[in-house]
Amino acid sequence: MQVLIFSWEYPPRKIGQLAEYVEVLSKKLVEKGIKTYVITYHDFLTGLVENKSGVMIVRVANPVRNHTSVLTWILTLNQEIERAAANIIHQHKEKISLINVYDWHFIPAAVTLKSAFGIPILYSVESLEDQRSMKANNPYNMAIKSIEWLGFYEADKICVKTNAMKNAIKRAYNVPSKKIEVLGSISSSDIEGLRKVFSTITRGKSKR
């Protein structure tokens, strides 16, 4: 099994707790025998490909320098995420098993790649725009919510860390309960649970 992970932060770039979470997670996936690529953002390490503890890390930068908001920055950055992922996919032909995308930032790239190559998506949710913006409904927030909805619609499975988050997604986006898996922190049992989710998704793909 070979997995692409999309995360908008990864060490040395740390915004919150996601960077360290994905770093530890990716290493543990490798320990489970899963070939793991992390595609992430870094402003001046773009083009750098590293192998750290068996994890292949690819960093890209935004080709557009000036932006009106985080939204325009993310949407233009998606083309570089998509390009880097497509390079890996072409190198490995049909061997990439799935894309695991964290939060809304790189959902557009993941959906495009799913459509182009038939690679299933696991959407891992850390937070929702309603939680970050106190349910604001201006055009900026609604655009991000639309991207979140696209991710929930296109994802083959959704992973969250708590039942509270699962219920919040169900309420806000009317996502079927059976589509959402609750996995906690990065313990051995949770990593095994994630590996089983990966296997469920890829088996479902092979039956289509």
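The values are calculated or read from the model by the stated rules, or taken from the named source; none is laboratory data. Bear in mind the structure is a predicted one, so any value in this text is a computation, not a measurement. Positions of Cβ are backbone-derived with ideal geometry, glycine not excepted, and every protein chain shown enters the neighbour counts.
Among the candidates ALA155, ALA168, the residue that is small (Gly, Ala, Ser), modelled with pLDDT of 95 or more and over 17 Å from HIS105 (Cβ atoms) is uniquely ALA168. Selection of first residues in segment 93-114 that are more than 16 Å from LEU194 (Cα to Cα) and at pLDDT 95 or above and of second residues that are of a type in the set (Phe, Trp, Tyr) and surrounded by fewer than 24 Cβ atoms within 10 Å (Cβ to Cβ), restricted to Cβ pairs under 6 Å at least 6 apart or on distinct chains, gives the following pairs, ordered by first then second residue: HIS105/TRP8. Could you grab me the full set of residues in segment 36-86 that are over 16 Å from the mean Cα position of the chain (by Cα) and β-branched (Val, Ile, Thr)? Answer for segment 36-86, where residues must be over 16 Å from the mean Cα position of the chain (by Cα) and β-branched (Val, Ile, Thr): THR46, VAL49, VAL64, THR68, VAL70, THR72, THR76. Applying the criterion of being small (Gly, Ala, Ser) and in a helix (DSSP H, G or I) to the residues of segment 103-154, the residue that is surrounded by the most Cβ atoms within 10 Å (Cβ to Cβ) is ALA110. One residue alone among ILE201, ILE191 is touching a Pro at 6+ places or on another chain (Cβ under 8 Å), modelled with pLDDT under 95, of a type in the set (Val, Ile, Thr) and crowded, with 17+ Cβ neighbours inside 10 Å, and that residue is ILE201. Restricting segment 7-47 to residues that are aromatic (Phe, Trp, Tyr) and farther than 17 Å from ARG195 by Cα, the residue that is surrounded by the fewest Cβ atoms within 10 Å (Cβ to Cβ) is PHE44. One residue stands out among those in segment 155-169 that are of a type in the set (Gly, Ala, Ser) and more than 20 Å from ILE74 (Cβ to Cβ): the one that is surrounded by the most Cβ atoms within 10 Å (Cβ to Cβ), which is ALA168.
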